[in-house]
Amino acid sequence: MALPASAKPLRADTRRTVRTILEAAERVLSANPAATVEQIAEAAGVARTTVHRRFASREALISALAAWATQRFHEAVEAARPRTAPPAVALYQVTVNVLRVKTGWGFAMGALPTDAPEVAEVHADVLHQCAQLFTRLRDAGLLAPDTDLDWAQRVYYALIHEAADKAPETDAALDALATRVVDTLLHGLGAPATA
């Protein structure tokens, strides 16, 4: 969770409590977007006063949840090493990592305040890394030399968005879904040309 520069760092036990509350909030709000703070506290196994001590209001909790998801999203892209890993490996890893965040933090990702400066900064960096990765994919011959990279990226984002609706329940299902997204991007849906 991002804290203001003036805030002192949280103790380890407090960080764990905050994470437990945020994870519970994601589960509860995904099932019922109108859920109360009391329902979230119950799911987290903490008192309502504990939630209110950490988050001044339900809106503040949702804002913190969105900030948490934004950070997970950024970390997911960074962990794939899109600037340095072999391009095909990076594309697959970015895909599986982002799908994991989008399916695991669906409510929070939908609650992202797109006008918040920290969210805009993260998204700008992710878009920049993706643009670099797509250039590397083209340079490696995985995309045609005349590929419109902006269009290819928009198609990729649409594929990710649609795939995230599938919410795979196992790592194997997530891997298969990521493979399908990458295969669709790189090879399309048409039948291979015959010689």
By residue number, the members of region 152-186 that are exposed (fewer than 10 other Cβ atoms within 10 Å of the Cβ) and farther than 24 Å from residue 123 by Cα are 169, 170, 172
Quick check on region 132-143. Is at least one of its residues at pLDDT below 95, assigned by TED's automatic domain parsing to the domain that holds residue 85 and of a type in the set (D, E, K, R)? no
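Kindly provide the set of residues from region 81-137 that are of a type in the set (S, T, N, Q) and either over 14 Å from the mean Cα position of the chain (by Cα) or closer than 24 Å to residue 58 by Cα (or both), ordered by number. Give the derivation first.
Filtering region 81-137 down to residues of a type in the set (S, T, N, Q) leaves 84, 93, 95, 97, 103, 114, 129, 132, 135.
If the condition is that a residue be of a type in the set (S, T, N, Q) and either over 14 Å from the mean Cα position of the chain (by Cα) or closer than 24 Å to residue 58 by Cα (or both), then 84, 103, 114, 129, 132, 135 are the ones that fit.
Does region 48-62 hold any residues that are assigned to a helix (DSSP H, G or I) and among the polar types (S, T, N, Q), and which are they? Let's see the steps before the verdict.
Here is the first cut: in region 48-62, the ones assigned to a helix (DSSP H, G or I) are 48-54, 58-62.
Of everything in region 48-62, those that are assigned to a helix (DSSP H, G or I) and among the polar types (S, T, N, Q) turn out to be 49, 50.
Taking the stated definitions as given, is residue 24 at pLDDT 90 or above and either out of contact with any Cys (no Cβ under 9 Å at 6 or more places or on another chain) or not β-branched (Val, Ile, Thr) (or both)? Break it down stepwise before answering.
Details: at pLDDT 90 or above: yes; either out of contact with any Cys (no Cβ under 9 Å at 6 or more places or on another chain) or not β-branched (Val, Ile, Thr) (or both): yes.
Criteria met by residue 24.
Does any residue of region 93-103 turn out to be in contact (Cβ under 8 Å) with a residue 24 or more places away in the chain and assigned to a loop (DSSP other than H, G, I, E, B)? Show your work before the answer.
Let us first name the residues in region 93-103 that are in contact (Cβ under 8 Å) with a residue 24 or more places away in the chain, namely 94-96, 98-103.
Retained after the next criterion (residues that are assigned to a loop (DSSP other than H, G, I, E, B)): none.
No; the residues of region 93-103 include none that is in contact (Cβ under 8 Å) with a residue 24 or more places away in the chain and assigned to a loop (DSSP other than H, G, I, E, B).
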I need a count of the residues in region 63-92 that are in a helix (DSSP H, G or I), buried (at least 19 other Cβ atoms within 10 Å of the Cβ) and among the hydrophobic types (A, V, I, L, M, F, W, C). 11
Enumeration of residues in region 130-151 that are surrounded by fewer than 19 Cβ atoms within 10 Å (Cβ to Cβ) and in a helix (DSSP H, G or I): 131, 132, 135, 138, 139, 149, 150, 151
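The values are calculated or read from the model by the stated rules, or taken from the named source; none is laboratory data. Predicted model only: the values in this text are computed from it and were never measured. Don't worry about glycine lacking a Cβ; one is built from the backbone with ideal geometry, like all the others, and counts go over all protein chains shown.
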